[in-house]
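Participant: Take a look at the following structure, please.
Derivation of every value follows stated rules applied to the coordinates shown; laboratory data play no part. Because the structure is a prediction, the values reported are computed rather than measured. So basically every Cβ, Gly included, is an ideal-geometry build from the backbone, and we count neighbours across all protein chains shown.
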Amino acid sequence: MKLILPPEASAQAFDRALERFAGVVGKEWVLASDEDRDTYLDAYAMGDGSDHVPAAAVAPQSVEEIQALLRIANELRIPLWPVSRGKNLGYGAAAPVMSGTVVLDLGRMRRILEVNDKYGYCVIEPGVGFFDLFQYLREQKIPLWMSVPGNAWGSVIGNALERGIGYTPYGDNTSKLCGLEVVLPSGELVRTGMGAMSGAKSWQHYQYGFGPAWDQLFVQSNFGIVTRAGLWLMPEPEATLRARVHLPKADDIGWAIDELARLRLRNVIEHTFVFGNYLHDASVFSQREQWYQGPGALPDEVAERMMAHYNIGWWNFSLTLYGYPEAIRAHAQVVRQALEPHLGQELEFDSWHRGEPIEGSGAGIPGVLPLQIVNWRGGRGGHIGFSPVMPPDGQLALQRFHRVKALYAKHGMDYYTSFTMGHRHINNVNLIIYDRDDPAMTQSAQALFRELIADAAHEGYGEYRTHISFMDDVAQTFDFNNHALLKLNETVKDALDPHGILAPGKSGIWPRALRGKRT
Amino acid sequence: MRIIFALAVAATLLSVARAAELTPAQVQGQQLFRARCGYCHLFGGTGTIMLARRLGDKDSLLENRADLDAGYIRTVVRGGLRSMPALTRVEVTDAELAAIAAYLTRAREAPAQ
């Protein structure tokens with residue numbers, strides 16, 4: 001991609017900024033060639049990614065280097081877009097909202113600073129990936145389990161800061177953050193929670209500290225750069241029991257969500273899990289053309305063939321019970337009593353006991369196999385996810401399912417969905433899979449996405465996380481009292497970042513000087 | 001997926017055993033390949049599956065290929081290919097990429113026996 005300058009910098013000022021950046025991090029860590037810029041584009045962009053082009057990237061290795069870069073960026077008005085490892089695939093990856101922003105790549109900050117197996121936590125830097133931490137725990141034989149998302153290529157901290165999801169009892173990853181170290185746009189270094197005390201001994205033991213707790217202010221925001229974080233890890237349980245459940249009919253979602261919500265709310269089922277349709281399996285293990293070459297969305301008769309071929313249901317999910325053998329056997333009975341009368345057959349549980357290979361357990365094990373779905377259409381594949389938050393109510397889920405499926409059909413896209421069950425909510429993750437280089441298809445994908453935003457908002461549902469192309473659209477749906485939350489966010493933004501240099505447009509939050517860029 | 005992971009571990013161990021046949025530079029390239037590319041390009045990985053669909057099983061594991069050259073590897077890594085994202089010079093430095101390429105092209109570069 002050709003260079004797009006930051007909006008408030010001349011070519012000379014930008015060159016001067018890069019030279020001064022190089023003086024801080026070293027020339028090799030200022031990445032400013034055409035090829036470098038291309039490597040930071042959105043790998044799943046709907047098209048060539050030319051609507052979100054970084055001007056360059058710079059990769060510091062320490063807090064002090066970040067502070068020095070911020071001083072230069074403030075002086076020369078160079079906007080920075082922090083990424084941990086840049087693998088936020090489906091949401092823009094490493095690319096910034098605003099073209100001309102310089103990516104601040106924290107991938108070189110990859111130290112595992114502490115792992116405490118007695119109290120179950122780690123302190124890590126943003127460049128630490130799921131595979132890195134998993135390997136470290138295995139090599140050191142530390143009996144702590146991770147919560148791992150479907151695509152585990154990315155950063156542990158980055159995922160938690162985007163409210164990513166894993167599938168163990170610690171699967172609400174943001175809620176397991178305990179203590180952040182943050183560089184503010186001014187360059188000042190802050191520690192949240194108990195870490196605000198010099199010599200604190202309980203930073204990773206208590207999430208709140210004294211007075212207002214700021215941690216959530218640095219989640220999905222552009223108020224600071226997180227340079228290290230405490231994260232709670234799950235003590236390895238004594239045993240697990242796992243069952244895979246298949247529901248044959250689409251409308252089974254009604255009774256199933258109600259029963260599962262009761263089990264989740266009472267902590268019989270303690271983990272977040274994907275309640276997904278048949279396309280989850282088919283899109284990983286096959287390509288669309290093997291099933292259907294016609295136009296429009298996949299017909300239901302194709303769904304029936306896929307279900308028969310893979311011996312799965314319209315909906316499929318896995319439940320795992322974690323803990324002492326006696327306790328989880330008792331909970332398994334409760335699960336049986338809830339589900340078996342509807343299923344008309346017995347559930348089969350696979351058991352695992354500590355000491356056995358963990359591949360047979362309910363542990364979070366990093367993998368990237370789900371990325372296979374972008375190959376569904378062939379060509380240069382990509383996906384975006386529309387994920388409104390809903391109450392875990394069977395009738396609402398049934399209605400939502402029919403409504404969204406009809407919208408997918410209207411726009412000719414294949415319906416890939418899950419009603420991912422949280423503790424008291426559902427993340428209704430709807431993926432739209434496309435061939436990036438098919439303009440008609442990406443146009444349909446965008447039209448569908450915009451209609452989903454409007455339709456969900458009309459029904460009272462808002463997204464938990466979104467792609468960089470739709471952050472303004474989604475932020476606009478959080479409109480109570482004439483957008484009072486957005487006004488509050490931008491008041492804080494202007495106070496903390498008066499020159500507007502940190503991630504303009506992130507989550508729809510724009511600094512004063514750049515509000516004209518809002519789409 | 002869990003079975004695939006176990007097989008990938010087994011494949012890794014097998015290859016480590018074979019590492020004794022590699023030069024020190026190739027061993028370094030192998031370790032880097034596994035650390036940076038192995039997420040997708042070991043046995044059972046998503047890249048391996050995609051390559052198998054396109055080229056057949058025989059050519060799906062990059063470590064077994066004899067037809068790759070360093071220029072092509074560099075082009076794919078920095079530019080991406082089909083559904084494979086490009087990798088930045090932070091994730092894989094130029095020096096690391098050269099070492100990986102030297103490992104993956106070892107069969108092509110080896111003198112005739």
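Participant: If you fit an axis through the alpha-carbon atoms of helix A:63-76 and take the longest principal axis of the Cα set of chain A, what angle between them do you get, 0 to 90°, nearest 10?
Facilitator: For helix A:63-76, the angle is close to 60 degrees.
Participant: Can you tell me which lysines have their Cα less than 24 Å from the Cα of A:Lys410? Leave out same-chain residues fewer than eight positions away.
Facilitator: By straight Cα distance, A:Lys410 reaches A:Lys249.
Participant: Along Cα→Cβ, 7 Å out, is where each label goes; now give me the distance between the ones at A:Ala308 and A:Thr491 in nm to one decimal.
Facilitator: Here the answer is 6.2 nm between the modelled labels.
Participant: For the pair A:Glu64/A:Glu139, report the inter-label distance in nm, with labels modelled 7 Å from Cα in the Cβ direction.
Facilitator: 2.6 nm
Participant: Under the classification rounded if a/c is under 1.5, otherwise prolate if a/b is larger than b/c and oblate if not, where does chain A fall, given a ≥ b ≥ c as square roots of the Cα gyration tensor eigenvalues? Write down the numbers at each step before the final one.
Facilitator: On the way: a/c = 1.83, a/b = 1.30, b/c = 1.40.
Oblate, because a/c is 1.5 or more while a/b does not exceed b/c.
Participant: Pop the C-beta distance of A:His342 and B:Thr93 into the FRET formula with R0 = 41 Å and round what comes out to the nearest 0.05.
Facilitator: Working: r = 55 Å, r/R0 = 1.34.
Efficiency for this residue pair is about 0.15.
Participant: Here's a follow-up. Relative to the first principal axis of the alpha-carbon coordinates of chain A, what is the inclination of helix A:11-25, with its axis defined by its Cα atoms, in degrees from 0 to 90 and to the nearest 10?
Facilitator: On a 0 to 90 degree scale, this one is about 70.
Participant: Further question on the same structure: Could you put A:Trp291, A:Trp153, A:Trp510 in order, starting from the residue whose Cβ has the fewest other Cβ atoms within 10 Å?
Facilitator: Fewest-to-most ranking of A:Trp291, A:Trp153, A:Trp510: A:Trp291, A:Trp153, A:Trp510.
Participant: When all C-alpha to C-alpha distances in segment A:234-341 are sorted into bins of 10 Å, what percent of pairs does each bin hold, rounded to whole numbers?
Facilitator: Computed distribution, short to long bins: 12, 39, 27, 16, 5, 0.
Participant: If you don't mind, another one. What is the list of residues in segment A:215-236 whose amide nitrogen lies under 19 Å from a point 7 angstrom out from the Cα of A:Glu188, following Cα to Cβ?
Facilitator: Flagged as within label range: A:215-219, A:222-228.
Participant: Over 19 Å between Cα atoms, which of A:Lys87/A:Lys405; A:Lys87/A:Lys493; A:Lys87/A:Lys487; A:Lys87/A:Lys517; A:Lys27/A:Lys87; A:Lys493/A:Lys517 qualify?
Facilitator: Working: A:Lys87/A:Lys405 29 Å; A:Lys87/A:Lys493 25 Å; A:Lys87/A:Lys487 30 Å; A:Lys87/A:Lys517 25 Å; A:Lys27/A:Lys87 24 Å; A:Lys493/A:Lys517 15 Å.
From the list (A:Lys87/A:Lys405; A:Lys87/A:Lys493; A:Lys87/A:Lys487; A:Lys87/A:Lys517; A:Lys27/A:Lys87; A:Lys493/A:Lys517), the Cα-Cα distance tops 19 Å for A:Lys87/A:Lys405; A:Lys87/A:Lys493; A:Lys87/A:Lys487; A:Lys87/A:Lys517; A:Lys27/A:Lys87.
Participant: Does segment A:287-415 come out rounded, prolate or oblate by the C-alpha gyration tensor, with a ≥ b ≥ c the root eigenvalues, rounded set by a/c under 1.5 and, if not, prolate when a/b is larger than b/c and oblate if not? Walk me through the numbers on the way to the answer.
Facilitator: Details: a/c = 2.11, a/b = 1.60, b/c = 1.32.
Since a/c reaches 1.5 and a/b is larger than b/c, the shape of segment A:287-415 is classed as prolate.
Participant: Return the Rg/Rh ratio of segment A:471-517 with Cα-based radii and a Kirkwood Rh.
Facilitator: Values: Rg = 10.1 Å, Rh = 10.6 Å.
Rg divided by Rh gives 0.95.
Participant: What are the residues whose amide H is under 5 Å from the amide H of A:Tyr167, where those residues sit 5 or more places off or on another chain and H is modelled from the backbone?
Facilitator: A:Val148
Participant: Just want the ordering: A:Arg37, A:Arg354, from fewest to most Cβ atoms lying within 10 Å of their own Cβ. Don't jump to the answer; show the numbers that get you there.
Facilitator: On the way: A:Arg37 21, A:Arg354 13.
Going from least to most buried by this count: A:Arg354, A:Arg37.
Participant: Ranking A:Leu89, A:Leu180, A:Leu3 by Cβ neighbours within 10 Å, fewest first, what do you get?
Facilitator: Values: A:Leu89 22, A:Leu180 26, A:Leu3 16.
The most exposed by this proxy come first: A:Leu3, A:Leu89, A:Leu180.
Participant: Moving on to the next point. Taking the Cα-to-Cβ direction at A:Tyr292 and at A:Phe478 and moving 7 Å from each Cα, how far apart do the two end points lie in nm?
Facilitator: Calculated label separation equals 3.5 nm.
Participant: While we're here: Bin by bin, in steps of 10 Å, what percent of the Cα pairs in segment A:112-235 do you find, going until the bin that has the longest distance?
Facilitator: Pairs per bin, as whole percents: 14, 48, 32, 6, 0.
Participant: Whose amide H sits under 5 Å from the amide H of A:Ile426, counting only residues 5 or more places off or on another chain, with H placed in the peptide plane?
Facilitator: Excluding prolines and chain starts, which carry no amide H, the hits are A:Met390.
Participant: Moving on to the next point. Any chance you could give the angle, 0 to 90 degrees and rounded to 10, that helix A:253-265 forms with the longest Cα principal axis of chain A?
Facilitator: 70 degrees
Participant: Shape of segment A:16-133 from its Cα gyration tensor (a ≥ b ≥ c, root eigenvalues): rounded if a/c is under 1.5, otherwise prolate when a/b > b/c, or oblate? Kindly include the intermediate steps, with their values, before the conclusion.
Facilitator: Numbers: a/c = 2.39, a/b = 1.30, b/c = 1.84.
Taking the square roots of the gyration eigenvalues as a ≥ b ≥ c, segment A:16-133 is oblate.
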